[in-house]
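Asks: I am attaching a structure below and will ask some questions about it afterwards.
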Amino acid sequence: MKVLKTKAEMSAVAESWRIENLDVGLVPTMGFLHEGHLSLIRIARQHADKVVVSIFVNPTQFAPGEDFAAYPRDEARDLAMCEAEGADVVFLPSPEEMYAPDASVALTENRLAKTMCGLTRPTHFQGVLTVVNKLFNITRADSAVFGMKDAQQLAVIRRMVRDLDMPIAIVPGPIVREPDGLAMSSRNTYLSADERRHALCLRRSLDLAEAMWRRGDSAADAVLGAMREQIAPTPGAVIDYIVAVDADSLEPVETLRPNTLVALAVKIGRTRLIDNTILNKKTP
């Protein structure tokens, strides 16, 4: 496994693969890897001859006061995990390598990014799209794998690829959970023992939504209200949003139907967690 730290090195390797007619799969990460990330590497291997894992804590997707400086990092552990999973290259640039000091161009999406996480993090998706576009260009990727836990991010990236005619396949990776149901996240390390238990309210509320859907409750307001009631008694839990939207357009729905994304963001103490489920494609 090669560890490359400059754009020039990464592009040179990618171009050599392209000359050999080898497909390149990209797994963009911010490091501090867990089983969820490793599952994406395995998916990437199914779609490509060569797999690149990028590890880059992207400063432009953090607003002032967010946890950029505190975001967990463990480079040696991450590299060992990538090598064990058979990654061909880890691209490990610095912020100075990725962004010129006078960088003045950024990508924006003006519809899907304005809701859900975009309401409280209005600059977040501009940073995400800009860095993802750069990673696509640097790695010459033919496909890229993104986890479905960040459902809004996945939808926004798909829209960017569609609207800008980018020649890359976006592959979703299913949510990977801890044995007790908590969605795996690098930010779970912020939680105290008590907060870790309280964080299970996210999964329990989604379980409730799925159960209501299966028994025929299709009024979105009723289901979302029940989810709020489920979370309300949890110590330290502050709801950012709970929504039911079309999984592709992110437009709100009044009546639950197949391909409805039920998503939520909840602060547990000082840690903001997200989770979601997509209602099955069969009528309840």
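Throughout, read-outs are computed from the coordinates displayed, never taken from laboratory work. Since the structure is predicted, the reported quantities are computational estimates derived from the model, not experimental observations. Glycine also receives a Cβ, built like all others from the backbone with ideal geometry; neighbour counts cover every protein chain displayed.
Asks: On a 30 Å Cα-Cα criterion, which of the cross-link pairs 50/267; 2/114; 5/267; 7/149; 114/134 come out too long?
Replies: 50/267; 2/114; 5/267
Asks: Taking only DSSP H segments of four or more residues, each worth -39500 (n - 2.57), what value at 222 nm results for the chain once the sum is divided by all its residues, to the nearest 500 deg cm²/dmol?
Replies: Dividing the helical sum by the residues of the chain leaves -11000 deg cm²/dmol.
Asks: Go ahead and run the numbers for FRET between residue 241 and residue 20, Cβ-Cβ distance against an R0 of 41 Å, rounding to 0.05.
Replies: Using R0 = 41 Å, I get an efficiency of 0.30.
Asks: Among [x] -0.44, -0.66, -1.34; [y] -0.61, -0.85, -1.25; [z] -0.39, -0.60, -1.34, only one was calculated for this model; which label is it, if the read-out is log10 I(q)/I(0) by the Debye sum over Cα atoms at q = 0.09, 0.11, 0.16 Å⁻¹?
Replies: Given [x] -0.44, -0.66, -1.34; [y] -0.61, -0.85, -1.25; [z] -0.39, -0.60, -1.34, the calculated one carries the label [x].
Asks: Charges only on Cβ, +1 for Lys and Arg, -1 for Asp and Glu: so what's the dipole of the chain about the Cα centre, in debye to the nearest 20?
Replies: Here the size comes out at about 460 debye.
Asks: If you add up the charges near residue 120, with Lys and Arg at +1 and Asp and Glu at -1, over every other residue whose beta carbon is less than 9 angstrom from its beta carbon, what do you get?
Replies: Charge balance in the 9 Å sphere: +1.
Asks: Next up: Could you tell me the center-to-center distance, by alpha carbons, between the range 244-278 and the range 3-39 in angstrom?
Replies: Comparing the Cα centres of the range 244-278 and the range 3-39, I get a distance of 30 Å.
Asks: May I ask for log10 I(q)/I(0) of the range 98-179 at q = 0.10, 0.18, 0.24, 0.27 Å⁻¹, from a Debye sum over the Cα atoms as equal point scatterers with solvent left out?
Replies: Debye intensities relative to I(0), on a log10 scale: -0.26, -0.81, -1.26, -1.40.
Asks: Among 161, 133, 211, whose Cα sits farthest toward the positive end of the charge dipole of the chain (+1 at Cβ of Lys/Arg, -1 at Cβ of Asp/Glu, about the Cα centre)?
Replies: 211
Asks: May I pose another question? Over the range 10-155, calculate the relative contact order: mean separation of alpha carbon pairs under 8 Å at least 6 apart, over the residue count, as a percent.
Replies: The normalised contact order for the range 10-155 reaches 36 percent.
Asks: Which whole-number percent gives the relative contact order of the range 89-246, counting Cα pairs below 8 Å spaced six or more residues apart?
Replies: Relative contact order here is 15 percent.
Asks: Just order 89-96, 175-182 by mean Cβ neighbour count inside 10 Å, highest at the front, would you?
Replies: Going by the mean number of other Cβ atoms within 10 Å, highest first, we get 89-96, 175-182.
Asks: What's the ranking of 58-67, 5-14, 260-269 by average number of surrounding C-beta atoms within 10 Å, highest first?
Replies: 260-269, 5-14, 58-67
Asks: Something else: Report ³J(HN,Hα) in whole Hz for each residue of the range 165-181, in order, from the Karplus equation J = 6.51 cos²θ - 1.76 cosθ + 1.60 where θ = phi - 60°; Gly and Pro get x.
Replies: Working through the residues one at a time gives 6, 6, x, 9, 8, 9, 10, x, x, x, 5, 10, 10, 5, x, 8, x Hz.
Asks: Same structure, new question: Please list, ordered by chain and number, the residues whose modelled amide H lies under 5 Å from the amide H of residue 107; skip anything fewer than 5 residues away on the same chain.
Replies: Amide H neighbours of residue 107, under 5 Å, 5+ apart: 130.
Asks: Go through 17-25, 141-149 and give me the packing order, highest mean Cβ count within 10 Å leading.
Replies: Answer by packing, highest mean first, reads 141-149, 17-25.
Asks: So what's the net charge close to residue 273: Lys and Arg +1, Asp and Glu -1, counting the other residues with Cβ under 9 Å from its Cβ?
Replies: Result for the local shell: +2.
Asks: Note down the relative contact order for the chain as a percent, whole number, built from C-alpha pairs under 8 angstrom at least six residues apart.
Replies: Reported relative contact order: 17 percent.
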